[in-house]
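Data first, discussion second: the structure below is written as structure tokens.
Coordinate-derived values only; no laboratory data. Just so we're clear, the structure is a prediction, and the values are computed from it rather than from any experiment. Cβ placement follows ideal geometry from the backbone for every residue including glycine, while neighbour counts extend to all protein chains displayed.
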Amino acid sequence: MKKSKIFCLAAVAVLLFTLAACGGYTSKIYDNAQKWIKKDVLESNMTKAPDAEDSDLPKEICRLIDSREKSDEYFSDLPVDVDFSKEKMILYFYTSQYMGRSYKINKMDEMGNTLYLYIKPEHKDVGSGDASVPAQRCLLVVTNKTNVKNVNVVLEE
């Protein structure tokens, strides 16, 4: 009985140490953030539809926002309170064919000075009728402030 208690305590200690060593991110995703973004910013960050071959527009655009001043350049009405001394924002522009689906953060990995942000949509049954005309969509992620300079967003379908 004593050995099993010691084993359990050791396992908990290792788990806590591992979580602390990873640093972990505290992140919150805000879906359909385009409603808060200035019209001229939306226009200058327009993306192409996933199947548009002849467009010069980029497929996706990702912006790091790490100050109140920069935030004010992008947003006209932001109902999210961000403490830029501890947090930063990631703004992801892309074209979606599923405007009715919500998204969640699946995981975040930091490699060097790049943050890999894996985002997953809610899954619906085949034939659920939630496909839409492709439209610009923006996801806003508020996360811990780190020294990363690049963000690579991966939409997991």
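Once backbone amide H atoms are built at 1.01 Å from N, Phe75 has Lys38 as its partners under 5 Å, excluding neighbours fewer than 5 places away on the same chain.
Working from Cα pairs under 8 Å separated by at least six residues, relative contact order for the stretch 25-155 is 35 percent. Pop the C-beta distance of Asp31 and Asp56 into the FRET formula with R0 = 22 Å and round what comes out to the nearest 0.05. The formula returns an efficiency of 0.20 here. Annotation: extensible slack from Glu73 through Asn106 equals 9.0 nm (criterion: 0.36 nm per residue apart, minus Cα-Cα distance). Panel order for Lys48, Lys104, by other beta carbons found within 10 Å of each beta carbon, from fewest to most: Lys104, Lys48. With a simple spin-label model that places each label point 7 Å from the Cα along the Cα-to-Cβ direction, the separation between Met99 and Thr114 comes to 3.3 nm.
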